[in-house]
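The values are calculated or read from the model by the stated rules, or taken from the named source; none is laboratory data. Everything numeric in this text was worked out from a predicted model, so none of it was measured. Cβ placement follows ideal geometry from the backbone for every residue including glycine, while neighbour counts extend to all protein chains displayed. Calculation scope for accessible area: heavy atoms of the full protein, side chains included, ligands and nucleic acids excluded. Shrake-Rupley method; radii C 1.70, N 1.55, O 1.52, S 1.80 Å.
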Amino acid sequence: MPPPDLMVVTDLDGTFLDHHDYSFDAALPMLEHLRADGVPVVFCSSKTRAEITALQRRTGLDGQAFVAENGAIVVGPDGNVMTGAGAGAGAGAGAGAGPANADLERLRQDLGRIRADLDLHFATFGGETDEVVAAWTGLDLEAAGAARQREASEVLLWHAEDDDRAGAFRAALAAAGLDLVRGGRFWHVLPAGRDKGTAVRLLVADHERRTGTVPRTIGLGDGPNDTALLDAVDLAVVVRGHGPAPGPLADDRPERVYRTTHPGPLGWSEGLEHHLGHHLEQHREQHLRSHR
């Protein structure tokens with residue numbers, strides 16, 4: 001199995017989790033192999049801190065680093081919040097800040113002003129109830145409540161393809177220091193410069209600082225908001241999705257980027273098997289050369 005100089009960074013919805021029912025059973029055998037070999041598995045998602053830590057407990061990944069809200073929040077393996085609400089503090093810092101957080105309130109105020117100025121018609125997680133978000137997402141009420149515990153970003157239900165003001169919306173957000181990214185089902189507004197790729201580079205630098213080694217990274221994703229993640233890793237897996245795909249990628253060479261035939265957790269395992277096989281071959285060759 002793979003040596004411990006790897007780091008797996010993975011999107012969740014539509015990648016590690018099934019697009020329809022959020023199951024991950026098909027990914028468990030591969031996940032068990034990674035855990036047994038001490039390979040860090042970093043969840044990198046549009047989900048909230050509350051959602052991700054709950055999923056970490058369910059998958060036995062408690063204490064691993066993670067990226068929440070599309071990169072707006074980055075938490076290291078020691079629980080240190082590196083970016084986002086409570087940055088610089090230990091585990092649990094800022095966890096209850098949520099809607100009371102000043103930066104989030106400012107983001108929502110700017111978003112509301114821009115929506116009114118441009119006469120845009122979209123709904124947000126923050127402006128709806130748990131029941132409405134449950135209906136949108138297929139989550140149960142408790143999980144929908146966790147999805148609404150935003151700390152640094154907002155989620156939009158918006159039919160951009162039917163709105164000719166999309167360009168003006170992006171420009172107005174940029175002027176307010178905000179960015180707009182598309183996920184599998186929803187759009188997300190977050191602070192500019194805090195995408196998944198920036199988060200990955202921050203975690204790699206933190207890993208090198210703590211261990212003295214730079215891990216070889218494998219990233220997996222299925223949607224447009226995963227493009228920055230897939231550009232930031234050494235080896236990329238584009239998981240077959242149910243909506244728009246990531247890309248275009250900066251380096252799309254077939255030896256770096258693998259596109260799966262299966263969706264969701266089956267594709268997740270397929271992509272990792274592909275890259276891990278090549279990684280082991282390279283590792284064996286380097287080992288042989290070093291002992292000649």
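Under 9 Å between Cβ atoms, which residue pairs at least 6 apart in sequence (or on different chains) link something in the stretch 234-245 that is within 14 Å of Gly264 (Cα to Cα) with a partner that is of a type in the set (Gly, Ala, Ser) and assigned to a strand (DSSP E or B)?
Short answer, once both residue conditions are applied: Val237/Gly219; Val237/Gly221; Val238/Gly221; Val239/Gly221; Gly241/Gly221.
What's the total number of residues in the stretch 28-49 that are among the small types (Gly, Ala, Ser) and at pLDDT 95 or above?
Here is the first cut: in the stretch 28-49, the residues among the small types (Gly, Ala, Ser) are 36, 38, 45-46.
Applying the additional criterion that residues be at pLDDT 95 or above yields 45-46.
Selection size over the stretch 28-49: 2.
Of all residues in the stretch 42-58, which are polar (S, T, N, Q), closer than 23 Å to Pro246 by Cβ and either in contact (Cβ under 8 Å) with a residue 40 or more places away in the chain or surrounded by fewer than 24 Cβ atoms within 10 Å (Cβ to Cβ) (or both)?
Taking the stretch 42-58 as the starting set, the residues that turn out to be polar (S, T, N, Q) are 45-46, 48, 53, 56.
So of that shortlist, the ones also closer than 23 Å to Pro246 by Cβ come out as 45-46, 48.
Across the stretch 42-58, the qualifying residues are Ser46, Thr48.
For Asp25, are the conditions met, namely being at pLDDT 95 or above, open to solvent by 10 Å² or more (accessible area, probe 1.4 Å) and out of contact with any Cys (no Cβ under 9 Å at 6 or more places or on another chain)?
Numbers: at pLDDT 95 or above: yes; open to solvent by 10 Å² or more (accessible area, probe 1.4 Å): yes; out of contact with any Cys (no Cβ under 9 Å at 6 or more places or on another chain): yes.
So Asp25 fits the description; yes.
Does Met30 fit the bill of being aliphatic (A, V, I, L, M) and under 17 Å from the mean Cα position of the chain (by Cα)?
no
So which pairs qualify, if the first residue must be in the stretch 199-220 and assigned to a strand (DSSP E or B), the second must be crowded, with 22+ Cβ neighbours inside 10 Å and among the hydroxyl-bearing types (Ser, Thr, Tyr), the Cβ gap must be under 8 Å, and the two must be at least 6 apart or on different chains?
Gly219/Thr10; Leu220/Thr10; Leu220/Thr15
Would you mind finding the one in Ala199, Ala168, Ala135 that is within 15 Å of the chain's Cα centre (by Cα) and either more than 25 Å from Val8 (Cβ to Cβ) or small (Gly, Ala, Ser) (or both)? Steps first, answer last, please.
Details: Ala168 fails: within 15 Å of the chain's Cα centre (by Cα); Ala135 fails: within 15 Å of the chain's Cα centre (by Cα).
Of the residues listed, the single one that is within 15 Å of the chain's Cα centre (by Cα) and either more than 25 Å from Val8 (Cβ to Cβ) or small (Gly, Ala, Ser) (or both) is Ala199.
Out of all the residues in the stretch 151-177, which are touching a strand residue (DSSP E or B) at 6+ places or on another chain (Cβ under 7 Å) and either surrounded by fewer than 19 Cβ atoms within 10 Å (Cβ to Cβ) or hydroxyl-bearing (Ser, Thr, Tyr) (or both)?
Matches in the stretch 151-177: Ser153, Leu157, Ala160, Arg170, Gly177.
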